[in-house]
Amino acid sequence: MDRLVRQWRKEISRRLTIMVIPHGIARPRQLSFSVPFVAFMFFAWTAFTGWAGMIASERFDYWRAKANTHFLKLKLEFFNKQLNESRAMLDEVKELEAELRSLMALGSRDAIIQTEALRAPPPAAETRASGGPTLADAAVLERMLSGNADFSFDDIAKDIQTLRREAETRLAGARDIAQKIQTERQLYKSTPNLWPALGYLTSHFGNRLSPIDGFVEAHKGMDIAGPPGTPIRATADGVVKLAGWAGGYGKVVVVDHGMGYSTRYGHNRQILVKNGDRVKRGQIVATMGETGNATGPHCHYEVWYNGRAVNPGKFLKKHTS
C-alpha cells in the first residue's frame, strides 16, 4: 500500500514541459506545468465549455422562439388584413345586392332607370330573414365537434382564399349589374324626350319649302308655335354650351346632354341661362320669341346625336298643345 502511495505521489509530482522553438536566432522557450495543474485546467476548461454551450443553447432557443413568435405575428397580421378586406368586399356585395333587390322591387325597367334614389328599406317586421352557413362553416363546426379545433396557417389561408374568391365573384357580378343600371340612368338623363314648349307643331323635321324664300330646304328640327313669352324648357339634363345670338337662329340656347346628345332652342325672346350652366330636364332656359329668321313667335327645336341632326319626333311619346 505504501508502495502504491509513493508511486502515485511520484507520478503527480512529475512536470510536463512545453518547448517553444521560434524561427531565427531567438532562444527557445520552455513552459513547465505540473500534472495536477494540467488536470485542473482540463477539468476547468471542460466545465467552462459545457456551461458556455448550455448558455448558448438557451439563448439560441430564446432567439429562435422570439423569431418564431415575430414570424407568427406577421402571419397573423397578414391573414387578419386579408380577412378584413374579404369581409369589406362581402359587405359591399351585400349593400349592392340590397340596392339591386330594392330596384327590382320597382317592377319595370323605366321605373328603375328613372329612380333618382332608392326607396327606404321595409320595416323590420316586413323584412324576410335570410342567410345560412357555408360549406366551409360546416366543415369548421365538424372539426370543432370532433375536438380537432387547431387549424394550421395553410387551413386559414385556404379559407381566406375561398372567401375572397366568393366575394370577388359576387362583387364583380353585382358591380356589372350596377354599372349597367348606372349607364342606363345616364342615357335616360341625356336623352331629350320632352316637348320643349307648349304650342302647335307648325313644321316637321325633313325637307320643306322655306317660309322665308320659298325654296326647298332641309329642315333640321321642328317648329312649335305659341304665344310670345311661352316658357322653353330643356328636354334633358345637360350643360349649356351656348346662350346668345347665332345668325338665323336668333337668340339660341345649345345644351350638351352627354352620351352624344345635344339640343338647340332657337328664335327666343329672352335667354334665362348662361354658358356653363347645368340644367335639369324640364328647367326653363328661355322664352318663346321670333328673333333671327322667323315669321312669327315659335321655338325652333333641334336634336343632334353624335354630330348629326336627327328627327326630334322619335323621342317624343305624344304632343301636348
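On the basis of being modelled with pLDDT of 95 or more, under 18 Å from Phe205 (Cβ atoms) and not polar (S, T, N, Q), does Tyr249 make the cut?
no
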- Only residues that are in contact with a Ser or Thr (Cβ under 6 Å, 6 or more places away or on another chain), among the hydrophobic types (A, V, I, L, M, F, W, C) and part of a strand (DSSP E or B): list them for region 239-267, please. Val255
- Message: Can you say whether Val273 is on the phi < 0 side of the Ramachandran plot, in contact with a helix residue (DSSP H, G or I) (Cβ under 8 Å, 6 or more places away or on another chain) and among the hydrophobic types (A, V, I, L, M, F, W, C), as far as the supplied structure shows?
- Response: no
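Quick one: which residue in Tyr200, Tyr261 is more than 19 Å from Asn306 (Cα to Cα) and either charged (D, E, K, R) or in contact (Cβ under 8 Å) with a residue 60 or more places away in the chain (or both)?
Going through Tyr200, Tyr261 in turn, just one is more than 19 Å from Asn306 (Cα to Cα) and either charged (D, E, K, R) or in contact (Cβ under 8 Å) with a residue 60 or more places away in the chain (or both): Tyr200.
The values are calculated or read from the model by the stated rules, or taken from the named source; none is laboratory data. Note that the coordinates shown come from a computational prediction; the quantities given were computed from them, not determined experimentally. Neighbour counts run over all protein chains shown; Cβ positions are idealised from the backbone, glycine included.
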